[in-house]
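A short reminder: the numbers here are calculations on the coordinates, not readings from a lab. Given the structure is predicted, the values throughout are model-derived calculations rather than measurements. Note that we place each Cβ from the backbone using ideal geometry, even for glycine, and neighbour counts take in every protein chain shown.
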Amino acid sequence: MNKRTAIGWTVIALGVIGLIGAGVTYFKPQNVIAQKVAGNLLSKLDHLGEHIGEDAGSNLGSTVTDWSSEGIDTKSEEGDLALDVQNAKQLLVTSEVGTIHIVGSTGTADGNLHYKKGYQGNDNEGAQALQDIRIDVKRDGDTVRVNVHNSKSGWLNLMHADLDISIPDALAVEVSNKVGAIKTENLQNTVNATSDVGSIHIQGYKGSCEAHSKTGQLEISGGQDIQSIQADTNVGRVRLSLPASASLSVTASTNTGRVTNALTLADAKIEKQRVSGRLGDGKGKVSLRSNVGSIEITQE
């Protein structure tokens, strides 16, 4: 190869290198690669989030529910307590471990609480363990209070108290549970439910409704004269059914998972992980939030 040819090839090589350098500077393929990797990772996390949202919360709630199943408790005790709900306006329920089921009835002024205490440890200690579970019921003005607790609180004690409560449907309900599923049905007033670990199912409310869980799925339906709905969970799926005739501003978002909406919303902004819009005149407010889990809005 002569000197002139060598110089020519050198110039061409430098030109190619320059073009490559300019391309790297301008097009930034490293950013493209990073974005693609991040996109693939987010896609996988999103897919994982959907499974977690759909399965984890409900499975944890089911696990807690299973603790009270027949054949698991080494010792158990059942009974009934009357609730003085005559002319009452509100029911407040607090519990540590166990399922809570509240049903509203039309045309009745009576209230009843059926309980099942259970213990899953050493059979010789079972009788005392059941005595340690206290169910306190008292009337405080127009409020009926139910408090379930035990003197040896803790995960290792494996004690629980499952509650089935029937009340007039006109009572407002506020229920709080540390571990266990919450379900309310056929209520004609406001409902506020909170659970640290466990699913929340609200079927029937009037006016406003709140559901909060750290880990567990949330399901809300059957609302009347809806003014406000707030539902949030750290890990779990959120499902909400709304009548098309409602007047609500709707916002739903998740960090990991999908938001799906079957309603026709005015001023709609629809993204994969966030949906907002308006039903009717939008006077009421709906806020749905999950950190990890899908959100589904359907029409009743």
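Tabulated values for the structure
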{"quantity": "Residue (of Gly107, Val175, Gln86) at the positive-pole extreme of the stretch 70-179, dipole from beta-carbon charges", "calculated": "Val175"}
{"quantity": "Gyration tensor verdict on the stretch 70-179 (Cα atoms; rounded if a/c is under 1.5, prolate if a/b is larger than b/c, oblate otherwise)", "calculated": "prolate"}
{"quantity": "Set Lys75/Lys116; Lys89/Lys214; Lys117/Lys214; Lys183/Lys214; Lys89/Lys285; Lys206/Lys272 screened for pairs whose C-alpha atoms are more than 19 Å apart", "calculated": "Lys89/Lys214; Lys117/Lys214; Lys89/Lys285; Lys206/Lys272"}
{"quantity": "Rounded to 5, the percent of DSSP beta bridges in the stretch 70-179 classed as antiparallel", "calculated": "60"}
{"quantity": "Residue order, fewest to most surrounding Cβ atoms within 10 angstrom, among Asp132, Asp142, Asp169", "calculated": "Asp142, Asp132, Asp169"}
{"quantity": "Relative frequency of Cα-Cα separations exceeding 24 Å in the stretch 171-300, percent", "calculated": "21"}
{"quantity": "Order of Glu219, Glu125, Glu300 under a 10 Å beta carbon neighbour criterion, fewest first", "calculated": "Glu300, Glu125, Glu219"}
{"quantity": "Nonlocal amide H pairs with Ile226, under 5 Å, H built at 1.01 Å", "calculated": "Gly207"}
{"quantity": "FRET E, pair Lys285, Lys89, Förster distance 35 Å, beta-carbon r, rounded to 0.05", "calculated": "0.90"}
{"quantity": "Inter-part distance where the stretch 159-186 and the stretch 112-146 are each reduced to a Cα centre, Å", "calculated": "14"}
{"quantity": "Where Rh is the Kirkwood radius over Cα pairs, Rg/Rh for the stretch 89-244", "calculated": "1.00"}
